[in-house]
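Worksheet for the structure shown next.
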Amino acid sequence: MDFTKKMLRDNALADKVIVVTGGGSGLGKAMTKYFMELGAKVAITSRDLEKLKNTAKELETETGGICLPLQCDVRHYDQVEAMLQATLKEFGKVDVLLNNAAGNFIAPTERLSANAFDTIIDIVLKGSKNCTLAFGKHWIDSKQESSTILNIVTTYAWTGSAYVVPSATAKAGVLAMTRSLAVEWAKYGIRSNAIAPGPFPTKGAWDRLLPGDLAEKFDMAKKVPLKRVGDHQELANLAAYLVSDFSAYMNGEVVTIDGGEWLKGAGQFNLLEAIPEEMWDHLEALIKAKKNK
Ligand code: COA
């Protein structure tokens, strides 16, 4: 099976202008590349302009598409507004906001300073709010016929997760915002959806979430029923579908793409997977023996 294949037809995103926050590296970069291959014009944003410029140049060479690097710290509303105006100046319009920028690190919660907690909330929740509000107001004021917000959350947005509590708290907020606005802003032609990815290794996230030899100790692939981590193209395929007109009737949805990872942790008897096949005859006999008494 080849899960690195590209899903949509050529030019599926022609005429779309897409803003990808945190688009300079990792999953944001992978999604940006595929959007460009499908004909979209993409603005990528982050705090690090040099990194963005290098990424934009690399992706333009690889895809023949157009990529605009824009410095923007999503924590600051004035910078988000300036980023929106720069996108409009360059491309004349914007169709899609992809809230991908995130911040995270592992720590026991009692070790966090108030500022450490705030830092993650500010990037993830306040950053997504800043972009959503600025772009939403623009789309409503300009009476744009259709537009899309796509938020990258995580499966622990609804389960919660120990040791990444600020991130879990913030992502839960982003998920609530996704579902709330899907209803409230539908009348303006604005769709809101989310993707909850499981493990899709990137250097940035893995260095923070599995530092040192933790990556070897905790093999994420073992936690996944499908016994592997995700390929970036699989995520890019889903994101491209959700920002395209093919998903025009999807609104307020969160699509999990994790190989079954979170459900494996949730099902009460999932641990019975550890029982070897040959033991089931014996167990069945024990159960039936009880029944017959
Ligand atoms: N454990 C405990 N506290 C930590 C920490 C850790 N591993 N890393 C940072 N902090 C604290 C800092 O000490 C500081 O608190 P203080 O002022 O009370 O000392 C606070 O968090 C902010 O850290 P700072 O480095 O000043 O913030 P920043 O804005 O420069 O960086 C981060 C933000 C910490 C999220 C950084 O990892 C980052 O830039 N990440 C972006 C990319 C990313 O996280 N990608 C992965 C997404 S899954």
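The values are calculated or read from the model by the stated rules, or taken from the named source; none is laboratory data. Source: prediction; values computed, not measured. Quick reminder, even Gly has a Cβ in these numbers, built from the backbone with ideal geometry, and neighbours come from all protein chains shown.
A few comments on the model shown:
- Taking the criterion of being buried (at least 23 other Cβ atoms within 10 Å of the Cβ) and out of contact with any Gly (no Cβ under 6 Å at 6 or more places or on another chain), the residues of the stretch 99-138 that qualify are Asn99, Ala102, Val124, Gly127, Ser128, Asn130, Cys131, Phe135.
- Residue among Asn251, Asn237 that is within 17 Å of Gly28 (Cα to Cα) and modelled with pLDDT of 95 or more: Asn237
- Condition met for Ser167 (closer than 29 Å to Trp262 by Cα, touching a residue at least 60 places away in the same chain (Cβ under 8 Å), touching a strand residue (DSSP E or B) at 6+ places or on another chain (Cβ under 7 Å) and of a type outside the set (A, V, I, L, M, F, W, C)): no
- Applying the criterion of being more than 19 Å from the chain's Cα centre (by Cα) and part of a helix (DSSP H, G or I) to the residues of the stretch 222-244, the residue that is nearest to Asn151 (Cα to Cα) is Lys223.
- Here Leu59, Leu52, Leu38 are screened, and the one residue that is touching a residue at least 60 places away in the same chain (Cβ under 8 Å) and among the aliphatic types (A, V, I, L, M) is Leu38.
- Members of the stretch 202-215 found to be more than 10 Å from the ligand (Cβ to nearest atom) and of a type in the set (Gly, Ala, Ser), listed by number: Gly212, Ala215
- Of all the listed residues (Lys217, Lys223, Lys203), the sole one being in contact with an Asp or Glu (Cβ under 7 Å, 6 or more places away or on another chain) and at pLDDT below 95 is Lys223.
- Options Arg179, Arg191: the member that is surrounded by fewer than 19 Cβ atoms within 10 Å (Cβ to Cβ) and touching a residue at least 60 places away in the same chain (Cβ under 8 Å): Arg179
- Subset of the stretch 257-271 that is in contact (Cβ under 8 Å) with a residue 40 or more places away in the chain and in a helix (DSSP H, G or I) - its residue that is surrounded by the fewest Cβ atoms within 10 Å (Cβ to Cβ): Ala266
- Of the set (1) crowded, with 20+ Cβ neighbours inside 10 Å; (2) within 15 Å of the ligand (Cβ to nearest atom); (3) among the hydrophobic types (A, V, I, L, M, F, W, C), all apply to Val42 but (2).
- Where a residue in the stretch 199-211 is of a type outside the set (Ser, Thr, Tyr) and its partner, wherever it lies, is modelled with pLDDT of 85 or more and part of a helix (DSSP H, G or I), with Cβ under 7 Å and at least six apart: Pro199/Met220; Pro199/Glu261; Phe200/Leu27; Phe200/His232; Phe200/Leu235; Gly204/Gly26; Ala205/Gly26
- Total residues in the stretch 67-79, condition away from the ligand (no atom under 16 Å from the Cβ) and assigned to a helix (DSSP H, G or I): 2
- Criterion: of a type outside the set (Ser, Thr, Tyr) and in contact with a Pro (Cβ under 7 Å, 6 or more places away or on another chain) - qualifying residue of Leu52, Leu59, Leu70: Leu52
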